[in-house]
Amino acid sequence: MKLYQYFLSIFVEMVSYKRTQIIRWLVIIASFIIVSLILWNTYDFFKKFKNEERAKMEVLAKVYERLSSADLNADISLEYKIIGNNNNIPMIITNEKDSITEWSNLDSIQAKSNDYLLKQLAIMKSQNQPILVSHKGGNVKQYIYYRDSDLLTKLKYYPIALILILFLFASVIYLFFKSNKVAEQNKLWTGMAKETAHQIGTPLSSLLAWIEILRLENTDENTVQEIEKDVLRLNVIAERFSKIGSVPKLEVCNIVEATENSFNYLKSRSSKQVHFNFESSTSNISLKINLQLFSWVIENLVKNAIDAMEGKGAIYLKITEKYKSVHITISDTGKGIPKKLQQKIFSPGYTTKKRGWGLGLSLAKRIIEDYHNGKIIVQKSTLGKGTTFEITLKK
C-alpha cells in the first residue's frame, strides 16, 4: 500500500510539473507577442516621425523660395521665424555644383573644418533624399540636405536597446526557470532515494535474520561470511540513499584507511584483468568526512574507470598529503574523455553510457564540493590512453 501511495505521489508531481511547463510556455508566447507589438509600434512611430521631419524640411524649402522672390518692402518676419524654429534638424544647403553654401544645427566649432562638413553631407545624402529649392523661376537651384534629428536617431536605436533589455530579462527568467526545474528534479530524486532506502530496509532485516539461521544450521562459515558482507554492503548503500538531500554529519576519520577499504572492496569483486594499484605517502591522515558518502565517491570513480577500460587495464589510486590539503588521484588506462566534454560530465543527467542516468559524477561533485568543502576535477585525459580524476580536500 505504501509503495502504491509513493508512486501515486510521484505521478501527481509529474502532472503538476507538466502543468507548470504549459504555464511557462504560455508566458513565453505572451511575452513574445507583447515584444513584437512594442517593436512594431516603435517602428510605426519612427516612420511617422521621419515623415513629419521631411514635411518640416519641405516647408523650410518653400520658405527659402519665398525669401528669394520677396520684395524689399515685404514682411518676411514669418519666414525668418520658421527658419529660426528649425533648431533640431541638422541641414546643409548646396548649389547646383554641390558646393556648400549654408549649414545649420551642426557643431559650430567642428563646422569650421571643410572635411567635417563634407563628412556630414555624406551622412545626410545616405539618410534622406535632398529637397530642391528653386530661385528666379527655376534658373537657380539649391538643394537642402538633412539628417535625422538627435531624437529620431535615439528612437532608431531604441528597439535595439529594448531587445537587449528584453534579452537580459529573458535570460534572468530562463535561469530562474532552470533553477526551479533543477530544484524540482533534485526534490524528486531526493524523495525517490529516501523511499528506496526505506523500502530496502525491510528485506535487509530479513536477510540478516536468515544469515543467523544459516549459521545455526552449520552452513559453511566462509559462504555465510561472504553473504553477510554483501548484505552489509546493501545496508551501506541504503544508508547512503537515506542521506541524500540532508546535510551529512562529518566525523574525524582516517581517510587513507577509508579510501583503501573502498578501493579493495571493488578490487575483490572485479575482473582479474583489471590491475589495482594503491599508493599513499602516509598510513594515517585524519580529516573530517562523512564516511558513507566519501566511500561512495571513491567507489563511483573507480567503477567509472573500470567501465572506461571495458574491464581490462590498470587503475592507480594515489594519496598525497601536503601542508594544508590532501590530494587523491584516480587514474585509468581507458579510452579517455574529449576535452570539450570534461566539464559536461559533472552535469546532472549527462552520460556517455548506453545505460545509466548520468547522476554519478554530479553527485560525487556535490558530495566533495558542497559537503566536504573540497574540489573534484579532471586533472588530465588523453584519448586512447586514459583519464585522471583528482580530489582535493582541505585539512
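Details
- Highest average packing first - 296-306, 119-129, Cβ atoms within 10 Å: 296-306, 119-129
- For the range 264-326, the solvent-accessible area of protein heavy atoms averages 54 Å² per residue (probe radius 1.4 Å; ligands and nucleic acids excluded).
- Spatially, the range 116-151 and the range 293-353 are offset by 72 Å when compared through their Cα centroids.
- The stretch between D44 and S205 holds 50.4 nm of extra length on full extension. This uses 0.36 nm per residue minus the Cα-Cα distance.
- Taking θ as phi - 60° and the Karplus parameters 6.51, -1.76 and 1.60, the scalar couplings of the range 208-215 work out to 4, 5, 5, 5, 5, 5, 4, 5 Hz in sequence order, x denoting glycine and proline.
- With a cut-off of 15 Å between beta carbons, the residues surrounding N105 carry a summed charge of -3, where Lys and Arg count +1 and Asp and Glu -1.
- Distance violations [Cα-Cα > 27 Å] among K322/K365; K56/K156; K318/K375; K288/K340; K272/K318: K288/K340
- Around R147: net Lys/Arg minus Asp/Glu count, Cβ-Cβ under 14 Å: +3
- Pairs over the 24 Å Cα-Cα cut-off, from the set K229/K394; K312/K380; K47/K81: K229/K394; K47/K81.
- Working note: Karplus 6.51/-1.76/1.60 with θ = phi - 60° gives the range 304-319 the couplings 4, 5, 4, 4, 5, 8, 6, x, 8, x, 9, 10, 10, 10, 10, 10 Hz, where Gly and Pro are set to x.
- Sulfur and carbon atoms: percent of accessible area, the range 215-287 [1.4 Å]: 49
- Simple label model, 7 Å out from Cα along Cβ direction - H135 to L151, nm: 3.1
- For the pair R54 and V27, a Förster radius of 41 Å applied to the C-beta separation gives a FRET efficiency near 0.50, rounded to the nearest 0.05.
The values are calculated or read from the model by the stated rules, or taken from the named source; none is laboratory data. All of these numbers come straight from a predicted model, not from anything done at the bench. As a convention, Cβ positions derive from the backbone with ideal geometry for all residues, glycine included, and neighbour counts pool all protein chains shown. The accessibility values were calculated without ligands, DNA or RNA, using every heavy atom of the protein model including side chains. Shrake-Rupley method; radii C 1.70, N 1.55, O 1.52, S 1.80 Å.
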